[in-house]
1. Under 12 Å from the Cβ of residue 118, count the other residues' Cβ atoms, weight Lys and Arg +1, Asp and Glu -1, and hand me the total.
2. For the stretch 110-207, which chymotrypsin sites (Phe, Trp or Tyr not before Pro) are in a loop by DSSP, counting at most 10 other Cβ atoms within 10 Å?
3. From the backbone phi of the stretch 193-206, what are the Karplus-calculated ³J(HN,Hα) couplings (6.51 cos²θ - 1.76 cosθ + 1.60, θ = phi - 60°) in whole Hz, Gly and Pro given as x?
4. Can you compute the charge dipole magnitude of the stretch 95-206 about its Cα centre, using +1 on each Lys and Arg Cβ and -1 on each Asp and Glu Cβ, nothing else charged? Give it in debye, rounded to the nearest 20.
5. Multiplying the sequence separation of residue 145 and residue 200 by 0.36 nm and subtracting their Cα-Cα distance, what value in nm do you get?
6. Where q = 0.15, 0.18, 0.19, 0.24 Å⁻¹, what log10 of I(q)/I(0) comes from the Debye formula for the stretch 95-206, counting one point per Cα?
7. Output wanted: per-residue J couplings in Hz (rounded whole) for the stretch 114-130, from phi through Karplus 6.51 cos²θ - 1.76 cosθ + 1.60, θ = phi - 60°, x for Gly and Pro.
8. Given R₀ = 22 Å, FRET efficiency for residue 114-residue 179 by Cβ-Cβ distance, to 0.05?
Amino acid sequence: MIKKIIPTMALLAVLVVACRGQPAAPTLAPEEVQGTAIAAAFTMVAETQAAIPTNTPLPPTETPSPTPLPTFTPLPLPTESLILPTATQAASSSGGGGQCDSIINLGEAGPQSQVRFENITGGTVSLTLYMYTPNLFGQCGSHSSNPFPISKNGDLTVSLPKGDYYAYAWITYPDGDTSQSEGYFIVKVGDNHTFPVNIKKEVIVSK
């Protein structure tokens, strides 16, 4: 904008000089004319600057206040006393584990039933019995008399505590060949009579 005003002021100065060269009626003194021109030029500059729009500051935006975090109220502790299981209950609910890796305590295993094992394999049998889960008295494990020998076509009656059993047989045939047989059977609580279990070449099953 100043660049545009300077030529205007120069033009006014030329006019002032030209006027000085012509005789005329009494006029303003040269100094007065020059001062008037300069004043007019500065007035134009002021008006031009005033016409330029100014930047109006934007109103400040509201800063959101932090939302308070929810508070947690602790629940009251139960006032009832806890009942811990007894050793027998713990063994019964353990499903076996390390306890059943030992020998059955026959004196604390509860009532027993007679089980007759019949060897129909055609060879001699070496029988192993294992109660694989605790019974109602918390007892389980291997029978203390393992293995039980049973001759060819023979049978053997064993008194066993009530419970769930796994049976394994190692079979030796007259020609020297061998095989293995296995199976599961249950001595039920209500069984008060002798019941048979067949030892076959491939499997051991209760009749």
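1. Local net charge: +3.
2. Passing sites in the stretch 110-207 do not exist.
3. 10, 6, 10, x, 10, 8, 9, 9, 5, 10, 8, 10, 9, 7
4. Once rounded to the nearest 20, the dipole reads 200 debye.
5. Extra length from residue 145 to residue 200 when fully extended: 17.7 nm.
6. For the stretch 95-206 at q = 0.15, 0.18, 0.19, 0.24 Å⁻¹, log10 I(q)/I(0) is -0.60, -0.84, -0.92, -1.31.
7. Those phi angles translate into 8, 10, 9, 9, 10, 8, 10, 8, x, x, 8, 10, 10, 9, 10, 10, 9 Hz.
8. Calculated transfer efficiency: 0.20.
Computed from the coordinates by the stated procedures, all read-outs in this text should not be read as laboratory data. What you are looking at is a predicted structure, and each value in this text was computed from that prediction instead of being measured. Positions of Cβ are backbone-derived with ideal geometry, glycine not excepted, and every protein chain shown enters the neighbour counts.
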